[in-house]
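What follows is a set of notes on a single structure, which appears directly below.
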Amino acid sequence: MRKGLHGETAKTMLKIGVIFFALTPLIQLSTGHLHAIQVIDTQPEKAAALEGLFETTKGAPLYIVGYVDEQNEKTRGLYVPRLLSFLYNFDLNSEIKGLKDFPRETWPPVNLVFQAYHIMVGVGVFAIFMGLWGAFLLATNRLYTAKKYLFVLPFLIPLPHLAHETGWISAEVGRQPWIIYKIMKTSDAISPVVSSGQILMSLIAFFVIYLLLFIMFVFLFLKIVKNGPES
Amino acid sequence: MENIQNFQILWFILIAVLFLGYVLLDGFDLGIGVLLPFVGKNKEEKDILISSIGPVWDGNEVWLVAGAGALFAAFPQAYATAFSGFYPAMLLVLCALIFRAVSMEFRAHDERRSWLWEKFLCGGSFLVVLLFGIALGNVVYGVPLDYKMEFAGSFWTLLRPAPLFFGITALAAVLLQGASYAVLKTQGELQQTCLKALNILLRINMGTAGVYFGMMIFLFPHLLSNPLFYAAVLLSIFGLAEILFSLVNKNETALLVKSSLSFLGLWLATAAAHFPHLVKASNASYLSITIYNGSTGLLTLQVMSVIALIGMPIVIGYTIFVYRIFKGKSKPQHY
């Protein structure tokens with residue numbers, strides 16, 4: 001597009017892409033919001049770990065970036081006061097349970113969960129911004145000539161994958177030590193006859209296979225992109 | 001109590017039917033995968049063979065997923081023992097399935113290395129069939145189990161002669177399925193090659209099926225008082241004889257049905273020998289996992305029965321639909 005390849009097809013595809021890019025992160029925002037409320041209600045330990053909240057707080061803050069000091073049970077970083085409570089039920093003073101309300105052996109690894117979750121949310125907010133910017137350019141008829149914006153767009157391709165993976169990590173690590181919440185611990189669910197060596201072997205096998213398939217995918221993908229659509 | 005036993009027997013039969021659907025349907029596309037380098041002499045012939053299975057192979061593999069899922073839901077003890085106990089073998093099957101699947105796609109897009117992808121397709125299909133056959137052989141023949149229903153052997157335990165012969169019988173039967181399907185879907189010179197392959201495979205199957213039934217009688221003498229076993233042997237003989245007549249009379253109709261009948265015979269004999277076991281213990285019979293001590297609760301079985309009642313007709317319906325769309329001779333185009 002920037003090089004003026006396949007003019008009309010590219011314009012149509014870009015237009016559709018930008019419209020979806022503006023809408024889907026906003027839909028994600030609302031489902032994510034509802035899901036976060038559900039996690040606070042049903043898995044309070046996970047919710048507390050996501051925000052690094054140790055003490056049960058009325059008017060809990062929302063961190064933009066931060067670091068959880070698990071040893072001293074403190075979270076440091078840049079935060080907006082009372083925003084978490086506000087987002088929970090639109091009341092600046094609502095109470096959010098902290099990790100210290102629960103036995104220590106049922107805490108997940110807090111910092112990992114916190115960081116993964118904040119990367120996901122950060123990517124989401126960035127996507128909302130970029131999507132709306134694209135929509136603004138489209139609405140004011142400047143999209144097809146906005147060189148800088150079009151240059152940046154291809155570099156955003158990995159971002160949704162990053163958000164998926166970090167979101168997945170925060171959800172799955174956040175529910176530890178339970179494999180079935182409050183019913184079965186992960187340590188009780190392992191197969192006694194499968195050795196750790198076998199697990200390692202299978203992980204390496206999957207890693208190698210997916211790496212090979214990914215290289216093959218990129219190779220064929222670039223070939224198809226180079227050839228372009230049939231005009 | 002009697003109520004739950006009825007459901008346990010029902011689910012033994014249903015899982016047997018699901019896996020039967022898998023071995024018959026995925027059987028022929030796996031068979032074509034293995035036969036590819038032997039009957040396809042040039043790129044065009046290989047294209048025809050692959051496009052004959054292209055639209056259907058993944059639908060066929062759904063039967064495997066459904067069978068394993070049903071096994072997990074109905075008989076979690078057996079599922080856990082087999083899938084954890086045979087872990088390295090299952091991993092190998094999975095890798096083979098992955099490489100087989102992608103090789104069909106990559107071959108079409110990456111022509112310079114098509115020879116490599118054909119090797120993966122052939123080797124992957126071969127491994128899948130052989131290992132599934134060996135796995136079935138092991139649960140039927142018996143593996144060492146401990147008192148907690150856990151597998152107490154090693155990877156090499158799985159490769160004893162009797163289970164290995166299950167694998168070889170499975171391979172022969174699957175190749176026969178593949179060759180029968182190939183004859184239906186091809187014409188001209190390629191079809192002549194496929195007919196030659198079918199002829200050779202028919203002889204091989206007469207041998208393997210014969211030895212297999214003999215081995216089953218030797219291992220499980222109680223089969224001799226089971227009418228189902230005699231029906232199974234007759235079915236196999238009938239199916240193989242019908243293929244022989246077809247070859248003599250140069251009549252290609254319903255070849256796949258005839259081949260499937262001979263396969264069904266092998267399957268029925270295995271089910272008759274195995275019932276009511278799921279994983280037989282080779283060290284002490286009271287340690288075996290059966291449909292009675294390995295099943296889930298009554299409510300789960302009842303819910304599953306309702307789901308199966310709704311789901312099975314849909315699956316069978318769309319399977320028939322797909323095969324009707326793609327019936328007739330295959331062309332060498334990428335689907």
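Footprinting exposure proxy ranking of B:Arg107, A:Arg82, fewest other C-beta atoms within 10 angstrom first, gives A:Arg82, B:Arg107. Applying the criteria of a DSSP loop state and at most 10 other Cβ atoms within 10 Å to the trypsin sites (Lys or Arg not before Pro) of region A:166-231 yields A:Lys182.
Here region A:167-196 is scanned for amide nitrogen atoms under 15 Å from the site 7 Å beyond the Cα of B:Asp146 along Cα-to-Cβ, giving A:190-196.
Across region A:10-101, how many lysine pairs, 8 or more apart or on two chains, come within less than 16 Å at their alpha-carbon atoms?
Numbers: A:Lys46/A:Lys97; A:Lys46/A:Lys100; A:Lys58/A:Lys97; A:Lys58/A:Lys100; A:Lys74/A:Lys97; A:Lys74/A:Lys100.
Lysine pairs, 8 or more places apart or on different chains, close enough: 6.
Can you give the Rg to Rh ratio for region B:83-154, taking only C-alpha atoms and Rh from Kirkwood? Here Rg/Rh amounts to 1.17. The lysines within cross-link reach of B:Lys196, meaning a Cα-to-Cα straight distance under 30 Å and a gap of 8 or more places when in the same chain, are B:Lys41, B:Lys43, B:Lys46, B:Lys119, B:Lys185, B:Lys250, B:Lys258, B:Lys327, B:Lys329, B:Lys331.
Taking the alpha-carbon distance from B:Lys148 and a cut-off under 30 Å, which lysines remain once sequence neighbours fewer than 8 residues away in the same chain are dropped? Straight-line reach from B:Lys148, under 30 Å: A:Lys182, A:Lys185, B:Lys280. Note that region B:34-50 has calculated 3J(HN,Hα) couplings of 5, 6, 2, x, 8, 9, x, 8, 9, 4, 5, 5, 5, 4, 4, 4, 6 Hz, one per residue in order, obtained from phi through the Karplus relation 6.51 cos²θ - 1.76 cosθ + 1.60 (θ = phi - 60°); glycine and proline are x. The alpha carbon convex hull volume per residue for chain A rounds to 164 Å³.
Under a Gaussian network description of chain B, with springs only between Cα atoms under 10 Å, the residue in B:Gln177, B:Gln192, B:Gln77 that fluctuates furthest is B:Gln192.
For chain B, the normalised intensity computed at q = 0.06, 0.11, 0.13 Å⁻¹ comes to -0.21, -0.73, -1.01 (log10 of I(q)/I(0), Debye sum over alpha carbons, equal scatterers, no solvent). Were the residues from B:Trp156 through B:Ile320 laid out at 0.36 nm apart, the gain over their Cα-Cα distance would be 55.0 nm.
Temperature 20 °C, viscosity 1.002 mPa s: under these conditions the Stokes-Einstein estimate for region B:131-274, based on its Kirkwood radius over C-alpha pairs, is 133 µm² per second. Over region B:268-324, the ratio between the Cα radius of gyration and 2.2 N^0.38 Å evaluates to 1.62.
Within chain A, the selection of entire DSSP H helices by a Cα span of 15 Å or greater along the long axis and an average Kyte-Doolittle value of at least 1.6 returns A:110-139, A:196-227. Note on region A:38-154: Cα-only Rg and Dmax are 18.2, 58 Å. Computed with the Debye formula from one identical point scatterer per Cα of region B:147-213, without solvent, the log10 of I(q)/I(0) at q = 0.24, 0.26 Å⁻¹ comes to -0.96, -1.03. Of all the options A:Val152, A:Val110, A:Val68, the one that moves most in a Gaussian network model of chain A with Cα springs shorter than 10 angstrom is A:Val152. Note on the protein assembly as shown: the alpha carbon radius of gyration divided by the globular reference 2.2 N^0.38 Å gives 1.19. Using C-alpha pairs under 8 Å with a sequence gap of at least 6, the mean separation divided by the residue count of region B:113-267 gives a relative contact order of 21 percent. Each of B:Asp58, B:Asp26, B:Asp110 was scored by other Cβ atoms within 10 Å of its Cβ. Arranged with the fewest first, they read B:Asp58, B:Asp110, B:Asp26. Give me the distance between the Cα centres of region B:86-127 and region B:280-335, rounded to whole Å. Cα centroid of region B:86-127 versus Cα centroid of region B:280-335: 24 Å apart.
Of the residues B:Glu111, B:Glu150, B:Glu252, the one that moves most in a GNM of chain B with alpha-carbon contacts below 10 Å is B:Glu111.
Based on the Cβ-Cβ distance of A:Thr31 and B:Gln192, what FRET efficiency does E = 1/(1 + (r/R0)^6) give at R0 = 51 Å, to the nearest 0.05? Working from the Cβ atoms, E equals 0.30. Annotation for region B:199-258: trypsin sites (Lys or Arg not before Pro) lying in DSSP loop with at most 14 further Cβ atoms inside 10 Å of their Cβ are B:Lys250. If you find the alpha carbon centre of region B:207-271 and of region B:10-54, how far apart are they in angstrom? So the two Cα centres are separated by 19 Å.
Any read-out appearing in this document is the output of simple, stated calculations on the displayed coordinates, not a laboratory observation. Only a predicted model underlies this, so the values are computations on that prediction, with no experimental measurement involved. Here Cβ is always computed from backbone atoms with ideal geometry, including for glycine, and neighbour counts include all displayed protein chains.
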